[in-house]
Each structure stands twice: as structure tokens, then as C-alpha cells.
Amino acid sequence: MALLLAIESSCDETAVAILRGSKGEASQILASEVSSQIELHREFGGVVPELASRNHSLHLRPLVQQALVHANVGIEEIDAFAATTGPGLASSLLIGSTAAKAMACALEKPFLGINHLEGHLLSPFLGQTEVPPHIALIVSGGHTLLLDVEGAGSYRKLGGTRDDAAGEAYDKVGKMLGLPYPGGPEIEKIARTGNAQAYDFPRSMLHDPHLDFSFSGLKTAVLYTLQKETGEIPVADLAASFQQAVIEILVGKTLKAAKKTGRRIIALSGGVSLNLALRNAFQQACERSGIELAVASPTLCTDNAAMIAFAGLLRFLEGESSLLDADISPNLPLV
Ligand code: KG4
Ligand code: ZN
């Protein structure tokens, strides 16, 4: 059995988790602490990097203490330390990775630098004994990525966004509609009362043979529609119609990827995968095609350290570690 402590600080959540696991067995989350800065950034309508990094450094130490208390373990019992080293905001990544390295160095334990996207990708399988071959769709604020996954550590990119990420489109459209930041959960909420057929927004690239995405045309279509409205803005109808277009694009492309590759499992991860309308649409489409759907539990969808700990633990159990002088990488690709 190995114990791993991981830190996630790539954007606006400071998170620490402790995971226990061994090869071939389901890992157990002993602690997963998240200190969200959403309220702090809300008044600016987006993440302010300087504020984010300052708050990471303020919250990290107490969060590590809290995680150790919740897990009921002493820091000397931790076998390895991991941290997100990219992609993300440079000044935010530096805080978490430096702290994890310092602990690893002081306790003479291995350090593992983890790709944030690998954390998201593996999150639907945390608590299971293996990562089966599958099609992974990562939909977050920064990324929309479609991958063919052979198993943990073996990924092939099938497609990605050519402009905005799905979550980014949600956040930008939310802003246009005058909704609070972040727009994703707000649009989901208000869309429940709207008519998804009210506006026929474009489903860009949906029928193209490749597996890339584009959301900027959809975003612009919402903007133009808004500008033409003279009376009261039908926010719920616009939100519902926008969301319907996003869902159809994501479901259509991902099912196409499963058909192309012959994979029988689709896994959804990242903040946008919290969206219930999206989950339901995937569930129905997968059932129709005889495909199994794997989704992360809600606390593992948005940024958290348990997913980083899981990715770290799988690598640690394979004998991997990173150099203590390995740098952070704001644009770190997954494949
Ligand atoms: O994975 P995440 O926490 O951070 C990144 O790595 O980006 O994802 C945050 C994104 C934001 O764009 C947010 O608006 C979106 O996930 N999001 C949602 C929902 N909850 C969060 N989008 C649609 N529906 C939701 N319920
Ligand atoms: Zn994320």
C-alpha cells in the first residue's frame, strides 16, 4: 500500500488530496480538500492570475494540514508527493509544484509532476481497479479534447477545439447574457426554464469527417442574435438553445470517435461534464449504441487534487518519478 499526497493549483482552486492504493486495487481517497476562489474572482468576471497565486500561497499550508488531519496520517507516512505542473497559469502552477517539491525534498521522498489533463481524463475511473480502453472526452474551462485511451499512460489524440473550449464558450455566453461567473452552471440552471428549439444556432463542424471542435461561431451567433433583440432579452431561451447546440456537437463527435475506433466505453471528465443535460444526452446516445458511459462523481469533475493524486499514484506504482528541477509548463500538452 502506498500513500500519496497531491496538490492542484493550476487555476483558481487550491486543492490537496491524500490517496491510498496499490497495484491492481481500487484506490481510496483519504482526504480531498478544495479551497475555491470563485467568489474572489467573480467581481472581475474571470480569473485574475495575480490574485489566484497569492491566494494559493495563503491557503496551501493550512489545506495540507487539514488533509493530513482528515486522512489521519502523519506527513512522514506519505510515500510520494505530486503536483500539477501544467497546463495552467504559470504563477499558480509554481505555488503548488514548489510546495510539493519542498515536502518531497525535506522528507526524501519522490516527487511526481502531473499533467492536469491526465488528472481529468483518469477521474471517471478513480475507485475502480483498472483504467479500461475507452474514448475520453475532456470538457473543461480550458480544454475540449477527444482521446483514444488504451489504458493509463497510453493516449492518442483524436480531436480538440480549434478555438474556444466548451467551458470557455459557456463562460463567454454567460457573460453576454449578464449571468454571474462562471457561466457554465448558471446557463445550465436558467436553460431548464427555456425552449431549446427557440433558436437554431450553428453546430459547427458536426458533420465534418474529422474529430475537431469549434465553438467560436456558436458564440458569435449568440452575440448577433442578442444584438438584434429589441425587447426584453429571452435569456432562458438563448441559454437553452446555446446549450442544445453544445450538447449535440459534443455527443455527435464523441459517438463518431467511438464508432471510428470500435471502443465500447466513453468517459466524460472536466467541469462541463457536471452538466446534467449533457450527461443525460450522452446516457441516451450511449444506450442507443450499446456503449457504456463512465462519468466522474461530481466532486471530481471540477478541479480537485484527488484526480492529480490518482494520476500520480498510478505513475508512482509503475516506478516513475520526476526530477526536482523539472519546470512547470503552462502549455503542457497531454499527447
Ligand atoms: O475542469 P474545470 O473545473 O477547470 C478547468 O480545468 O478549466 O472546469 C471549469 C469549467 C468552467 O468553464 C465552468 O463554466 C464549467 O466548467 N462548468 C460547467 C458546469 N459546471 C462547471 N459548464 C456547464 N454546465 C455546468 N453545470
Ligand atoms: Zn481542470
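A short reminder: the numbers here are calculations on the coordinates, not readings from a lab. From a predicted model like this one, the values you see are computed outputs, not experimental measurements. Neighbour counts are summed over all protein chains in view; Cβ atoms, including those assigned to glycine, are modelled from backbone coordinates with ideal geometry.
Report the label-to-label distance for Ala326 and Arg54 in nanometres (one decimal), using points 7 Å from each Cα along the Cα→Cβ vector.
About 3.2 nm separates the two model spin labels.
Past 25 Å, Cα to Cα: identify those pairs from Lys23/Lys109; Lys189/Lys219; Lys175/Lys256, in the order given. Spell out each step's value before the answer.
Details: Lys23/Lys109 19 Å; Lys189/Lys219 19 Å; Lys175/Lys256 31 Å.
Beyond 25 Å: Lys175/Lys256.
What share of the DSSP beta bridges in segment 112-173 is antiparallel, in percent to the nearest 5?
So the antiparallel bridges amount to about 100 percent of the total.
Checking the cross-link filter: which lysines have an alpha carbon closer than 18 Å to that of Lys259, excluding same-chain neighbours under 8 positions apart?
Lys259 reaches Lys157.
Let me make sure I get this right: for segment 134-295, a, b and c are the square roots of the gyration tensor eigenvalues over alpha carbons, sorted descending. Under 1.5 in a/c it's rounded, otherwise prolate if a/b > b/c, else oblate. Which is it?
Prolate shape, in that a/c is at least 1.5 and a/b is the bigger ratio.
Given the -39500 (n - 2.57) contribution per DSSP H run of 4+ residues, what per-residue ellipticity at 222 nm results for the chain, rounded to the nearest 500 deg cm²/dmol? Kindly include the intermediate steps, with their values, before the conclusion.
On the way: 10 runs with 138 residues, N = 335.
So the calculated ellipticity at 222 nm is -13000 deg cm²/dmol.
In nm, give the distance between the simple-model label positions of Ser297 and Thr261, each being 7 Å from the Cα along the Cα-to-Cβ direction.
2.6 nm
What angle do you read, to the nearest 10 degrees and between 0 and 90, between the alpha-carbon axis of helix 235-261 and the longest principal axis of the chain?
The answer is roughly 60 degrees.
If I model a spin label as a point 7 Å beyond the Cα along the Cα-Cβ vector, how far apart are those points for Thr220 and Arg156 in nm?
3.4 nm
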